[in-house]
Amino acid sequence: MNESLREQLLLLPEYFQGHLILTLAALSLGIVISIPLGIWAAQSVVVKRPLLTIVSIIQTFPSVAILALVVALLGGQIGIVPAIIALVLYSMLPIVRNTVSGLETVADEVVEAAQGIGMSSYQILTRVRIPLALPVIIAGIRTAAVWTVGLATLSTLVGATSFGNYIFTGLQTRNLVSVTVGSIAAALMAVVLDSLIGGIQWLVENKNQASSEKKYKQVKYAIIGALILSISFSAYSLLPEPETDFTIGGKGFTEQYIIAGLLSAELEAAGFSVEQRLGMGTEVVYTATANNTVDVYLEYTGTVWANIMNNSNNPGRDAVLAGVTEFIEGPEGMVNIGALGFQNRYALAMRKDRAQELGVTSIEDLIPIARDLIAAGDLEFFGRPEWITLRDTYNIDFAQKLTFDPTLMYTAINEEQVDLIAGYTSDGRIAAFDLLLLEDPRNALLPYDSFLLASSTAAENALFTETLESLVNAISDDEMRAANRIVDVDGGAVSDAVAYLQSVIR
């Protein structure tokens, strides 16, 4: 068996467990909430239109935005709870809508006949309308189930374990085996769950057909067995696990995975047990650390200065570091363990042959030609204060500004699909793809010194702090680029890059 595939399959039980719990919990809650709401709406014109409008609007919100909003409303809590809440919100529309539609399609003459034999409104609802509408309601549940399985992969972004761990890690580290395993696993779970609910629907529709009695029993017992297995496995998964000493957070790109692995290795060598929660956004992981949900992660001074502190000026590298440290250790109550020694700042980059063709060596050289060029950035660059400052400082803009996943962004410039990108100075692909970092003579782009941001609770542990302080100023720009290159260019594992950094530090 391929070694890379074997490594991914070893992770399958953990990721399957996390994804199954998220899916079953969210779908169960969605059913419990949505069917009563649908029944209420079907019987009240006043309720129907506003309710359907609200659940439809929720469905139009980007799923990532819903996750971020739920985390914010929960005060920065990450993990399974915000993920389940977001998934429940997304599951509601098809269940509510099908419940309303199913109840409204019950023929009037059937209801009148029930009234004629003296049935009460409650009896008509529970013994006539709901049983007749059940196939339509179950069809809505099937739709919600497939949606929930798919959207659960995004739960990785808020620190909940799912098949998304495969997908996001694979995308960022260019590991197609990881992406493939995660995608196939999610698809198989969706198919199996849809088939299971479809079997329940078949039982409902055929329960009174004597000709299919044998098949009916076979399907019934198969579904009961599958439900018992799922519930038992879910219950086992919910049993309390041994608590880890520290939780290491991380954002969703290669460098973060490598440093998180390095922190884990160092803390485990010191005798601590740790867990990693990777792939989160800046706001999510920063707030989680402030609330002691995450204990430590790799942050950058420019990110805190511009995005958290909302500063637009650039007073210089030392001043930014001092201001950020004062901010996080004052109002925010966290601790700067120390800078690791390398920067990962934004820099405009071009292929050297393209730069030579245009006569470009600095951002100033772009001023007369920028409007004829196509630029690319990561998913957030053109919405960050750095871009606004850069644009206004040099009075430039581009013909097109495209956003990509970082891996695809580098592929785009390497294949000459764009003219320049907002690259990262510590990225191993800068040299591998023969890119030129354009000079910034007007000092528009912020410094991005890497540092370890720790929660106040974790920092109280003297051994924890001492262990991580051994990493301060231990990694240079060139060494971090080399580590990133091992994964992003050479196709090595994150563990290989961690081992390289450990050899550098030692």
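For the reader, a short list of remarks on this structure follows.
- Tally of residues being touching a residue at least 40 places away in the same chain (Cβ under 8 Å) and surrounded by fewer than 24 Cβ atoms within 10 Å (Cβ to Cβ) across segment 279-299: 8
- Filtering 313, 292 for residues that are more than 23 Å from residue 472 (Cβ to Cβ), of a type in the set (S, T, N, Q) and out of contact with any Phe, Trp or Tyr (no Cβ under 8 Å at 6 or more places or on another chain) leaves a single hit, 313.
- Test for residue 370: is it among the aliphatic types (A, V, I, L, M), over 25 Å from residue 428 (Cα atoms), surrounded by 15 or more Cβ atoms within 10 Å (Cβ to Cβ) and outside the structural domain of residue 254 (by TED's automatic domain parsing): yes
- Number of residues in segment 474-489 that are assigned to a helix (DSSP H, G or I) and of a type in the set (Ser, Thr, Tyr) equals 0.
- Helices (runs of 4 or more DSSP H) within segment 26-141 that include 2 or more residues of a type in the set (A, V, I, L, M): 45-60, 63-73, 80-104, 108-116
- Among residues of segment 249-278, those that are surrounded by fewer than 21 Cβ atoms within 10 Å (Cβ to Cβ) and under 11 Å from residue 498 (Cα atoms), counted: 3
- Test: residue in segment 347-357 that is free of Cβ contacts under 8 Å to residues at least 40 places away in the same chain and not acidic (Asp, Glu): yes
- Candidates 121, 178, filtered to the one that is more than 20 Å from residue 44 (Cα to Cα) and at pLDDT below 90: 178
- Test: residue in segment 213-230 that is surrounded by fewer than 18 Cβ atoms within 10 Å (Cβ to Cβ) and either at pLDDT 90 or above or closer than 30 Å to residue 503 by Cβ (or both): no
- Scan segment 484-496 for residues that are closer than 13 Å to residue 432 by Cα and aliphatic (A, V, I, L, M) and the total you get is 3.
- The residues listed here are 41, 72, 68; of these, the one that is in contact with a helix residue (DSSP H, G or I) (Cβ under 6 Å, 6 or more places away or on another chain) and of a type in the set (A, V, I, L, M) is 41.
- Of all residues in segment 352-384, those being within 33 Å of the chain's Cα centre (by Cα) and either aromatic (Phe, Trp, Tyr) or over 19 Å from residue 405 (Cα atoms) (or both) number 3.
The values are calculated or read from the model by the stated rules, or taken from the named source; none is laboratory data. As the structure is a prediction and not an experimental result, all values here were calculated from the model. Ideal geometry is used to build each Cβ from the backbone, glycine not excepted, and the neighbour counts take in all protein chains shown.
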